[in-house]
Amino acid sequence: MKFKKLGNTDLDVSLICLGTMTWGTQNTEKDAFEQMDYSVSQGVNFFDTAEIYSVPPNSDSYGKTEIMIGNWFEKRKNRDKIILASKVAGPGCDWIRGGGNNFDEKKIGEAIDGSLKRLKTDYIDLYQLHWPERSTNYFGSRDYAHNNKEGEWNSFENILDALGKYIKSGKIRYIGMSNETPYGLSRYLEISKNKGAPRMMSVQNPYSLVNRTYEIGMSEISIRQKCGLLVYYPLAAGALSGKYRNGEMPKNSRMALFKGWERHLNPLAMRAYDEYYKLAKDFNLTMVQLAQSFVNSRPFVTSNIIGATTMKQLKENIDSVNIDFTDEMMERVDKIHNENPNPSP
């Protein structure tokens with residue numbers, strides 16, 4: 001396993017982070033235990049979860065994943081060996097705290113206490129804002145369209161002050177954000193520097209062969225400010241495995257079971273998957289190996305959050321750290337990208 005520093009902390013996190021969002025819907029607790037056990041045996045020390053997991057998020061699935069992780073900690077007695085990340089949900093989920101899950105001190109505190117109870121721990125290493133409270137573009141939206149009727153939202157300063165209180169209490173160690181923009185990332189870092197507020201240590205955004213939008217405005221900040229990317233959807237919600245090519249729709253796949261990920265199967269994206277399939281074959285790799293080794297090689301990436309519903313998938317994803325992503329491969333990838341940029345944001 002390879003390791004990188006989390007932000008400017010002294011924490012060394014594994015380049016592969018174990019994603020957990022299918023545990024409770026597509027995976028049982030037995031599956032989750034097997035995945036955690038195997039991942040740790042391969043050197044993975046970084047787990048990512050969220051209060052709204054498992055997915056698709058709803059009142060029935062809420063908190064199930066954290067409960068499974070907590071049960072594993074209780075049984076394995078190894079909480080101190082894992083760097084654990086979780087998230088507080090942003091607005092829009094009416095089954096969470098009565099729908100009022102804005103980022104004020106009280107609501108954040110309620111979210112932290114709920115996660116700690118389910119996780120059976122007294123601290124969370126990295127606590128992240130799952131998506132911005134303000135109106136902006138994320139979850140597949142390419143462009144920013146200002147909302148003149150936008151409601152009130154907590155200021156960056158107030159959010160950092162609130163999180164700072166829970167850092168001082170020992171309930172969380174470090175903070176990060178998810179689904180953020182260059183504006184949000186730069187504002188948080190600026191306020192932390194100028195006002196001595198807690199510092200964001202990471203950004204969890206989507207990034208893959210078919211979604212390199214992070215490179216446009218975020219990657220430079222990540223490198224220069226030591227606030228690296230925790231990648232989610234490195235396989236474009238599974239589409240970069242190639243399993244949906246040629247009109248295929250595997251029976252128990254995410255796309256077959258649930259709505260909400262259709263954007264990853266648009267015509268431009270499908271064209272790109274075919275090109276990356278050919279490229280992977282040229283280098284005697286699977287599409288998964290090509291896609292994951294590409295993500296692992298990027299200098300602004302701190303950790304690559306992999307998700308799997310089978311042990312075969314998990315092993316292939318973790319093994320990607322051993323693949324050398326060469327300059328020749330990058331040149332071929334860039335050619336495909338330049339002809340069809342970011343088809344699956």
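The values are calculated or read from the model by the stated rules, or taken from the named source; none is laboratory data. Every value quoted in this text rests on a predicted model; they were computed, and no experiment measured them. Note that each Cβ is placed from the backbone with ideal geometry, even for glycine, and that neighbours are counted across all protein chains shown.
Summary of values
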read-out: Count - residues of segment 73-92 that are hydrophobic (A, V, I, L, M, F, W, C) and more than 19 Å from the chain's Cα centre (by Cα); value: 1
read-out: Qualifying residue in segment 303-311 (condition: modelled with pLDDT of 95 or more, under 28 Å from S41 (Cβ atoms) and surrounded by fewer than 17 Cβ atoms within 10 Å (Cβ to Cβ)); value: yes
read-out: Residue within segment 51-66 that is closer than 25 Å to N317 by Cβ, among the polar types (S, T, N, Q), in a loop (DSSP other than H, G, I, E, B) and in contact with a strand residue (DSSP E or B) (Cβ under 8 Å, 6 or more places away or on another chain) present; value: yes
read-out: Number of positions in segment 12-37 that are surrounded by fewer than 19 Cβ atoms within 10 Å (Cβ to Cβ) and either touching a strand residue (DSSP E or B) at 6+ places or on another chain (Cβ under 6 Å) or not in a helix (DSSP H, G or I) (or both); value: 2
read-out: Members of segment 115-163 found to be within 23 Å of I82 (Cα to Cα), surrounded by fewer than 18 Cβ atoms within 10 Å (Cβ to Cβ) and not hydroxyl-bearing (S, T, Y), listed by number; value: K117, K120, D122
read-out: Hits in segment 250-266 - residues which are assigned to a loop (DSSP other than H, G, I, E, B) and under 18 Å from T25 (Cβ atoms); value: P250, K251, N252, S253, F258, K259, G260, W261
read-out: Cβ pairs under 8 Å, 6+ apart, first in segment 20-32 and within 13 Å of G63 (Cβ to Cβ), second surrounded by fewer than 22 Cβ atoms within 10 Å (Cβ to Cβ) and of a type in the set (K, R); value: W23/K64; G24/K64; T25/K64
read-out: Condition check for T302: polar (S, T, N, Q), touching a strand residue (DSSP E or B) at 6+ places or on another chain (Cβ under 6 Å) and on the phi < 0 side of the Ramachandran plot; value: yes
read-out: So D274, is it touching a helix residue (DSSP H, G or I) at 6+ places or on another chain (Cβ under 8 Å), loosely packed, with under 15 Cβ neighbours inside 10 Å and either under 27 Å from I223 (Cβ atoms) or at pLDDT 95 or above (or both); value: yes
read-out: Residues of segment 193-221 satisfying the condition of being among the small types (G, A, S), out of contact with any strand residue (DSSP E or B) (no Cβ under 7 Å at 6 or more places or on another chain) and in contact (Cβ under 8 Å) with a residue 24 or more places away in the chain; value: A197, S208, G217, S219
